[in-house]
1. Quickly run through segment 50-68 and pick out the residues that are under 13 Å from N26 (Cα atoms) and either within 16 Å of ligand 2 (Cβ to nearest atom) or not in a loop (DSSP other than H, G, I, E, B) (or both).
2. Got at least one residue in segment 30-38 being within 13 Å of ligand 2 (Cβ to nearest atom), under 22 Å from Q208 (Cβ atoms), assigned to a helix (DSSP H, G or I) and in contact (Cβ under 8 Å) with a residue 12 or more places away in the chain?
3. With the structure loaded, tell me whether L141 is within 16 Å of ligand 2 (Cβ to nearest atom) and modelled with pLDDT of 95 or more or whether it fails that test.
4. Just to verify a result, which residue in segment 167-200, among those that are within 16 Å of ligand 1 (Cβ to nearest atom) and not hydrophobic (A, V, I, L, M, F, W, C), is surrounded by the most Cβ atoms within 10 Å (Cβ to Cβ)?
5. Considering only residues that are assigned to a helix (DSSP H, G or I) and within 20 Å of F88 (Cβ to Cβ), look in segment 189-214 and name the one that is modelled with the highest pLDDT.
6. I151 fails exactly one of the following numbered conditions: (1) touching a Leu at 6+ places or on another chain (Cβ under 8 Å); (2) free of Cβ contacts under 8 Å to residues at least 60 places away in the same chain; (3) within 14 Å of D185 (Cα to Cα). What is the number of that condition?
7. Picking from R82, R118, which residue would you name as being away from ligand 2 (no atom under 16 Å from the Cβ), buried (at least 19 other Cβ atoms within 10 Å of the Cβ), at negative phi and part of a helix (DSSP H, G or I)?
8. I'd like to know if segment 132-146 contains one or more residues that are in a helix (DSSP H, G or I) and aromatic (F, W, Y).
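The values are calculated or read from the model by the stated rules, or taken from the named source; none is laboratory data. These numbers come from a predicted model, not from an experiment. Positions of Cβ are generated from backbone atoms using ideal geometry, with glycine treated the same way; all protein chains shown enter the neighbour counts.
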Amino acid sequence: MMLKVEGVSKSFRSGNRKLTVLKDANFVMNAGQTCAVIGPSGSGKTTLLGICAGLDRPTTGRVWMEDILLNDRSEDELARLRNDLTGFVFQTFRLIPSLTAQENVMVPAELRGSADARNRARALLAEVGLEDRTHHYPAQLSGGEQQRVAIARAFINKPRIIFADEPTGNLDEETGAHILDLLFDLNRNEGTTLMLVTHDHELTRRVQRIVKLKNGQITNPQT
Ligand SMILES: Nc1ncnc2c1ncn2[C@@H]1O[C@H](COP(=O)(O)OP(=O)(O)O)[C@@H](O)[C@H]1O
Ligand SMILES: [Mg+2]
């Protein structure tokens, strides 16, 4: 078992009204599985992904990553668990503008005190086809190149699970297809569990599981 979500809800307070954006979500993902979260804009996809990744906490319910109950963990412990077990790829890349491609990729490994961060970063950049862009800054890279840097960064600590929130949302079709191939290759070659939010219907044929969200509710519960 890689991820377990049990009775997870999320509410926000707006003025004196309570807005529930995720209602009683339940599912399990096994190690090495691929899963797509789909649903209309505002249906709670990003909220669900953030809670699964330990970036955000549920209002009610429990989340386990491997056998670790995230609810019990402090903010510092969650940050360490995220860095050790997960990688996150965002729609807007979120690279650090003042660092080169190679330095961006090194960050999670350096946080862990890894001695060979530089060599690993260089090898990963070569794997995503950017061996000749290692000293470029994000502003000097195209969107597709920036997202490849973000994927290399997400993989540097050999995560057990990758979360990707509309990773191709800001890319043209061809570049987006290449980014998805990279994520699925890494899933196949490294056994990395993959949970991604997508609008791409093509993609739903490539994953083993689909979680459909509508108004914060999963409309195709696991049986
Ligand atoms: N921090 C927040 N405060 C208040 N409302 C939020 C917050 N984050 C998300 N929401 C609301 O939760 C709903 C689901 O958002 P989100 O998970 O981003 O949806 P999706 O990713 O499917 O588009 C939206 O109505 C959004 O406005
Ligand atoms: Mg979203």
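1. Here is the first cut: in segment 50-68, the ones under 13 Å from N26 (Cα atoms) are 51-52, 58, 60-64.
Within segment 50-68, I51, C52, T60, G61, R62, V63, W64 qualify.
2. No, the conditions are met nowhere in segment 30-38.
3. Numbers: within 16 Å of ligand 2 (Cβ to nearest atom): no; modelled with pLDDT of 95 or more: yes.
Taking the combined requirement at face value, the residue does not satisfy it.
4. So the residue we want is P167.
5. Of everything passing the filter in segment 189-214, N189 is modelled with the highest pLDDT.
6. Only one criterion is unmet by I151, namely (2).
7. Criteria check complete, one pass: R82.
8. Checked segment 132-146: no residue is in a helix (DSSP H, G or I) and aromatic (F, W, Y).
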